[in-house]
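Enquirer: I'd like to ask some things about the structure below.
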Amino acid sequence: GAVVSQHPSWVICKSGTSVKIECRSLDFQATTMFWYRQFPKQSLMLMATSNEGSKATYEQGVEKDKFLINHASLTLSTLTVTSAHPEDSSFYICSATNRVFGYTFGSGTRLTVV
Amino acid sequence: KQEVTQIPAALSVPEGENLVLNCSFTDSAIYNLQWFRQDPGKGLTSLLLIQSSQREQTSGRLNASLDKSSGRSTLYIAASQPGDSATYLCAVKRYSTLTFGKGTMLLVSP
């Protein structure tokens, strides 16, 4: 089956620093990857869609200069939270998809900015 | 804009009960509907996927139905177990976009 690995599973960083989260499709090539954000007791909110080799498409209200997405290969997408602030603390989840396996989600990253 | 609503928001039942989780969506022009399970602090595990042309899907003790015209889906869990305790999310897909509900938090007590 399709497996998506997300790393790290949790991270604590100081305000003003940047944090990189990786999302890898382990046994399939992902034509498209998605990044979601989830607040406690809330649903997943799509932040951006990334296609390999092209710029990510950001949802309305998501700052593309703050949440940098790179999808350099068919198996790896990264989300970098730049100049993190406490309000960026959240649970971030990636999803990878291709025509065979549909959507597969990573295990999520808990980001805490102090 | 698609909106997905899940009722109830939380549910607590004793072990062994059969239960129904509800999901409704406002735009019936969907490709498919998917039910996921999310354990605390974890990612999502896909449970059942129903294509827009299908009426239901079954996997073990789980049965999901879809009535696209009325914008409704139900997830039926038979003979609930403590290990079923988790948050259950439904999501509808149109084009490449998944829209999620807020989930139903289920607690099954021994």
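Enquirer: For chain B, with a Gaussian network of springs between Cα atoms less than 10 Å apart, report the residue from B:LYS68, B:LYS42, B:LYS93 with the top mean-square fluctuation.
Expert: Comparing B:LYS68, B:LYS42, B:LYS93 in the GNM, the peak value goes to B:LYS42.
Enquirer: Calculate the length of the line joining the C-alpha centroid of the stretch A:4-27 to that of the stretch B:43-59, in whole Å.
Expert: The stretch A:4-27 and the stretch B:43-59 have Cα centres spaced 29 Å from each other.
Enquirer: Please state the equivalent ellipsoid semi-axes for the protein assembly as shown: what are the square roots of 5 times the Cα gyration tensor eigenvalues, largest first, in whole Å?
Expert: Working: eigenvalues 178, 82, 50 Å².
Its equivalent ellipsoid spans semi-axes of 30, 20, 16 Å.
Enquirer: Could you pull out the trypsin sites (Lys or Arg not before Pro) across the stretch A:15-99 that fall in loop regions by DSSP (anything but H, G, I, E, B) with no more than 12 other Cβ atoms inside 10 Å?
Expert: A:LYS41, A:LYS55, A:ARG99
Enquirer: So, one more: Could you check the simple spin-label distance between B:THR5 and A:SER89, using points 7 Å along Cα→Cβ, in nm with one decimal?
Expert: Label-label distance for B:THR5 and A:SER89, simple model: 3.3 nm.
Enquirer: Check the straight Cα-Cα distances from B:LYS42 and name the aspartates and glutamates below 15 Å, setting aside those fewer than 8 residues away within the same chain.
Expert: B:ASP84
Enquirer: Then there is this: What does the C-alpha gyration tensor say about the overall shape of the stretch B:40-110? Classify as rounded when a/c is under 1.5, otherwise prolate if a/b is larger than b/c, or oblate. If you can, show how the numbers build up before the last one.
Expert: Numbers: a/c = 2.22, a/b = 1.43, b/c = 1.55.
Oblate, since a/c reaches 1.5 and b/c is not below a/b.
Enquirer: Which of the lysines could a cross-linker bridge to B:LYS1, judged by Cα under 26 Å and excluding same-chain residues fewer than eight apart?
Expert: A:LYS41, A:LYS55, A:LYS64, A:LYS66, B:LYS68, B:LYS93, B:LYS102
Enquirer: Additional query: Per 0.36 nm of contour for each residue apart, how much would the distance between A:ARG110 and A:MET45 grow if the chain were fully extended, relative to their Cα-Cα spacing? Intermediate values should be presented prior to the final figure.
Expert: Details: separation 65, 0.36 × 65 = 23.40 nm, distance 1.49 nm.
Residue separation times 0.36 nm, minus the Cα-Cα distance, leaves 21.9 nm.
Enquirer: Go through chain A and flag any cysteine with no other cysteine's C-beta closer than 4.7 Å, please.
Expert: Isolated Cys, chain A: A:CYS13.
FYI, it's all coordinate maths here, none of it is from the lab. Model, not experiment: these values are computed from the prediction. Backbone-built Cβ (ideal geometry, glycine too); neighbour counts: all protein chains shown.
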